[in-house]
Amino acid sequence: MSIAADLFVDENDVIILPDKHWGNYQTIFHIRRGGELKTFPLFDELNKFNVLALRERLMEQQDAGKAIVLLNFPNNPTGYTPGEEEVQGIVSVLKEAAEAGISAAVILDDAYFGLFYENSVKESLFGRLAGLHPNVLPIKVDGATKENFVWGLRVGFLTFASESPKILDVLEQKTKGLIRGTISSSSHLSQTIILHSLQSNQFQVEKHEEP
């Protein structure tokens, strides 16, 4: 998450996110990078994702022409994940903003991916946003910590979606530079353990076994 912030957030940039969110976002995006967190109510009057409030916040950025949108599903701290109709609304609003000239970096914090309620979508919004519009850059941030129950290994993943190979190459090189300039080198042992587990034919079976 901090790498995504270093890549896309400059001082006074606006980060749009729900009012119910992980407290460390304040440290990562505001204290470290000088960004301004602008929240909107997560739920509407029907206790559904507040698509209209998201749209209102986004359209406030028309003059700036830039916004960072931060969505976290399943949401920490509520555990909420939107249903299909709500997801379609989110995608529609982001496309509308893009067509209005707003360049949006959409950071998808999927740290709790897999912990879904029955009637929610069972996928990341990343696939829905990939290729949506040239002004929308989806950034998927997730890791093995909670998805694979390995709290001590601290293995994370950062994925970008763009139809431009040049943009993807630049993002990859900048990400490598940030890793080299901060933590210097990721844990090869942790990465190797996670890789072997993901490649195992027993991975899904063991993951869903009752304790």
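So is residue 111 of a type in the set (Gly, Ala, Ser), within 16 Å of residue 57 (Cβ to Cβ) and either buried (at least 17 other Cβ atoms within 10 Å of the Cβ) or touching a residue at least 40 places away in the same chain (Cβ under 8 Å) (or both) or not? The answer is no for residue 111. Listed conditions (1) assigned to a loop (DSSP other than H, G, I, E, B); (2) closer than 30 Å to residue 180 by Cβ; (3) in contact with a Leu (Cβ under 9 Å, 6 or more places away or on another chain) are all met by residue 34, apart from (3). Picking from residues in segment 57-91 that are in contact (Cβ under 8 Å) with a residue 40 or more places away in the chain and part of a helix (DSSP H, G or I), the one that is farthest from the chain's Cα centre (by Cα) is 59. Exactly one residue out of 135, 72 is in contact with a helix residue (DSSP H, G or I) (Cβ under 9 Å, 6 or more places away or on another chain), crowded, with 17+ Cβ neighbours inside 10 Å, closer than 30 Å to residue 208 by Cβ and of a type in the set (S, T, N, Q): that is 72. Filtering segment 10-19 to residues that are among the aliphatic types (A, V, I, L, M) and more than 14 Å from the chain's Cα centre (by Cα) leaves only 14. A single entry from 145, 159, 175, 182 fulfils the requirement of being touching a Phe, Trp or Tyr at 6+ places or on another chain (Cβ under 8 Å), hydroxyl-bearing (Ser, Thr, Tyr) and closer than 17 Å to residue 5 by Cα: 159.
Values quoted throughout were computed directly from the atomic coordinates according to the rules given, and no laboratory measurement underlies them. Model, not experiment: these values are computed from the prediction. Cβ sites come from the backbone with ideal geometry, for glycine too, and all protein chains shown count toward neighbours.
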